[in-house]
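S.K.: One structure coming up, written as structure tokens, with questions to follow.
The values are calculated or read from the model by the stated rules, or taken from the named source; none is laboratory data. Every value quoted in this text rests on a predicted model; they were computed, and no experiment measured them. Positions of Cβ are backbone-derived with ideal geometry, glycine not excepted, and every protein chain shown enters the neighbour counts. SASA here: full protein model, heavy atoms, side chains in, ligands and nucleic acids out. Shrake-Rupley method; radii C 1.70, N 1.55, O 1.52, S 1.80 Å.
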Amino acid sequence: MLRPADGPLGPGLLGLHCHAGVKSIGAERMVDTPRPSTKALRVRADLYEDRAVANELARAGFVVLCHDTFAWGSRRFGLDPLPRGLRDLMAAYEAAWLTAGHSPDDDERYDVAAVHHEHTIAKAAGILGTSFAGMVAYDDLVALEVLRGIDEVADVGVFGFSGGGARAAALTALDPGIRASAVVCMMTTFEALVPAYVDAHSWLFTTPGLARDLDHPTLTAGRGRHHQLVVYAEEDELFPPRGMVAADRELTEHFLDRPGTYTGTFLPGPHRFDREMQDLVKNFFADRLLPA
């Protein structure tokens, strides 16, 4: 939880961390802590241009809550001993690391195992009548209520990059009280993903049966009563360009004659949440949520 250092508490923002194939940590990648882990610093350097985006937003006047969602960080699974289905796979990784002269730490081993274990979680969730994305959405809804429970926090917005962007879209559709939502590098039509791009995404983005009734842009637009920003990377390796362009067109059409607004911004370059994108998100929330 981050608060502005000076002045009264402003609106609340819920920050939803990305997937990135790194499950040993969660929200820490977005927050500048006194003793950051090596993994958090690496993910921040690789994807966030070395900036702690949550701290930047708090300095701009927002109360920012970032949490570890289901299966990440403090919500991780215990994989010691390894489940049966992971033993041969991890033995192969260990042999490859030994041949390469590489000595992974416990977090690196966990991250490799956890990415593959996600399939097992998704199977178990289906048997129990839910989904992996549904479990994540439940945690995110609880976090949103925690944010709303803070004194002086009235208006709330959500933002997320990559897998966090998928979470932001789902959360905005589920909660009609969200006033502003920002999705970074996580927008396409579902049709464009099949078949070549499905394997690029986790179970966060593949809720069984969803596409029968809702396309991803339609889900993101929800009731069309909130303010929506979507930032696209033109060379995003996780999405075909035609899917992003079609999604932008669908969102534009969905918000026509609605009380909410939609802004779609295309920037050159690959999948990331760099400082330019972070500033776009900050200015978007400032314009929509901060008092004039």
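S.K.: Whole number in Å², please: accessible area per residue of the range 34-145, 1.4 Å probe, ligands, DNA and RNA not counted. Present the calculation step by step, with values, prior to reporting the outcome.
M.R.: Working: 6100 Å² over 112 residues.
About 54 Å² of surface per residue is accessible.
S.K.: Taking a temperature of 10 °C and a viscosity of 1.306 mPa s, what whole-number D in µm²/s does Stokes-Einstein yield for the range 1-100 with Rh from Kirkwood over alpha carbon pairs? Kindly include the intermediate steps, with their values, before the conclusion.
M.R.: Numbers: Rh = 15.5 Å.
Estimated diffusion coefficient is 103 µm²/s.
S.K.: Once the piece of chain linking residue 138 and residue 275 is laid out straight, how much longer is it, given 0.36 nm per residue of separation minus the C-alpha distance between them? All intermediate terms of the calculation are to be shown ahead of the outcome.
M.R.: Working: separation 137, 0.36 × 137 = 49.32 nm, distance 2.97 nm.
So the chain would gain 46.3 nm between residue 138 and residue 275.
S.K.: Just how large is the dipole of the range 94-205 about the Cα centre, in debye to the nearest 20, putting +1 at every Lys and Arg Cβ and -1 at every Asp and Glu Cβ? Write out the running numbers ahead of the final one.
M.R.: Working: 5 positive and 16 negative charges, 84 e Å.
Dipole of the range 94-205, to the nearest 20 debye: 400 debye.
S.K.: Roughly how big is the range 1-62's charge dipole about its Cα centre, with Cβ charges of +1 (Lys, Arg) and -1 (Asp, Glu), in debye to the nearest 20? Write out the running numbers ahead of the final one.
M.R.: Working: 9 positive and 7 negative charges, 47 e Å.
That gives a dipole near 220 debye.
S.K.: On alpha-carbon atoms, Rg over Rh for the range 12-61 using Kirkwood Rh? Don't skip to the end; give the middle numbers.
M.R.: Values: Rg = 10.5 Å, Rh = 11.1 Å.
In the range 12-61, Rg relative to Rh is 0.94.
S.K.: Separate question: For the chain, give the magnitude of the charge dipole about the Cα centre (Cβ charges: +1 Lys/Arg, -1 Asp/Glu; no others), in debye to the nearest 20. Kindly include the intermediate steps, with their values, before the conclusion.
M.R.: Values: 28 positive and 40 negative charges, 94 e Å.
The calculated dipole for the chain is roughly 440 debye.
S.K.: Moving on to the next point. Just need log10 I(q)/I(0) for the range 113-156 at q = 0.15, 0.24, 0.28, 0.32 Å⁻¹, Debye formula, equal scatterers on the alpha-carbon atoms, no solvent, rounded to two decimals.
M.R.: For the range 113-156 at q = 0.15, 0.24, 0.28, 0.32 Å⁻¹, log10 I(q)/I(0) is -0.52, -0.79, -0.92, -1.04.
S.K.: On to the next question. Set Lys and Arg Cβ to +1 and Asp and Glu Cβ to -1, take the dipole of the chain about its Cα centre, and tell me which of 230, 16, 196 lies farthest positive.
M.R.: Most positive-ward Cα: 16.
S.K.: Per residue of the range 157-170, in order, report the coupling 6.51 cos²θ - 1.76 cosθ + 1.60 (Karplus, θ = phi - 60°) as ³J(HN,Hα) in whole Hz, putting x for Gly and Pro.
M.R.: x, 9, 8, x, 10, 6, x, x, x, 4, 5, 5, 5, 5
S.K.: Please work out the FRET efficiency for the pair residue 198 and residue 287, using the Cβ-Cβ distance as r and a Förster radius of 45 Å; give the result to the nearest 0.05. Don't skip to the end; give the middle numbers.
M.R.: Working: r = 36 Å, r/R0 = 0.79.
Step by step, r from the Cβ atoms, then E = 0.80.
S.K.: Have a look at 98, 186, 149 and report the one farthest towards the positive end of the charge dipole of the range 74-189, computed about the Cα centre with Cβ charges (Lys/Arg +1, Asp/Glu -1).
M.R.: 186
S.K.: Applying a 10 Å radius around every beta-carbon, put 235-242, 101-108 in order of their mean neighbour count, most first. Don't skip to the end; give the middle numbers.
M.R.: On the way: 235-242: 15.8, 101-108: 11.0.
Peptide ranking by packing, descending: 235-242, 101-108.
S.K.: Ok, one more. For a quick size check, give me the Cα extents of the range 86-189 along its three principal axes, largest first, whole Å.
M.R.: Answer, in whole Å and largest first: 55, 33, 32 Å.
S.K.: Hey, another quick one. From the mean inverse distance of alpha carbon pairs (Kirkwood) and the Cα radius of gyration, derive Rg over Rh for the range 198-238. Mind dumping the intermediate values first?
M.R.: Working: Rg = 12.4 Å, Rh = 12.3 Å.
Taking Rg over the Kirkwood Rh, I get 1.00.
S.K.: Still on this structure, I have one more. Of 264, 243, 277, which is farthest on the positive side of the dipole of the range 240-286, counting Cα position, with +1 on Lys and Arg Cβ, -1 on Asp and Glu Cβ, and the Cα centre as origin?
M.R.: About the Cα centre, the residue reaching furthest to the positive side is 277.
S.K.: Taking just the alpha carbons, could you work out the radius of gyration and Dmax for the chain, both in angstroms?
M.R.: Just the Cα atoms of the chain yield Rg and Dmax of 18.9, 61 Å.
S.K.: Please give the peptides 227-233, 167-173, 13-19 ranked by average Cβ packing (other Cβ atoms within 10 Å per residue), highest first, as a rough proxy for protection.
M.R.: 13-19, 167-173, 227-233
S.K.: In addition: If you take the Cα atoms of the range 161-229, find Rg, then find the Kirkwood Rh from the mean of 1/r over all pairs, what is Rg/Rh? Write down the numbers at each step before the final one.
M.R.: Numbers: Rg = 11.7 Å, Rh = 12.3 Å.
Across the range 161-229, the Cα-based Rg/Rh ratio is 0.95.
S.K.: Based on DSSP H runs of at least 4 residues, each adding -39500 (n - 2.57), what is the mean residue ellipticity at 222 nm of the chain after dividing by all its residues, to the nearest 500 deg cm²/dmol? Before the final figure, lay out the partial values.
M.R.: Values: 10 runs with 124 residues, N = 292.
Value at 222 nm, helices only, nearest 500: -13500 deg cm²/dmol.
S.K.: Roughly speaking, what is the stretch gain from residue 146 to residue 174, that is 0.36 nm per residue apart minus the C-alpha to C-alpha distance, in nm to one decimal? All intermediate terms of the calculation are to be shown ahead of the outcome.
M.R.: On the way: separation 28, 0.36 × 28 = 10.08 nm, distance 1.60 nm.
The residue 146-residue 174 span can extend by a further 8.5 nm.
S.K.: Please identify, among 183, 142, 63, the residue showing maximal mean-square fluctuation in a Gaussian network model of the chain using a 10 angstrom Cα cutoff.
M.R.: 142
S.K.: With a Förster radius of 41 Å, plug the Cβ-Cβ distance of residue 32 and residue 212 into 1/(1 + (r/R0)^6) and report the FRET value to the nearest 0.05.
M.R.: Details: r = 42 Å, r/R0 = 1.03.
Efficiency, from the Cβ-Cβ distance: 0.45.
S.K.: Could you check how much of the accessible area of the range 1-118 is carbon and sulfur, as a whole percent, using a 1.4 Å probe? Let's see the in-between values first.
M.R.: Numbers: 2970 of 5760 Å².
Within the range 1-118, the accessible surface is 52 percent carbon and sulfur.
S.K.: Now a separate question. Separation between the residue 154 and residue 95 pseudo-spin-labels, each 7 Å from Cα along Cα→Cβ, expressed in nm?
M.R.: For the pair residue 154/residue 95, the computed spacing is 6.4 nm.
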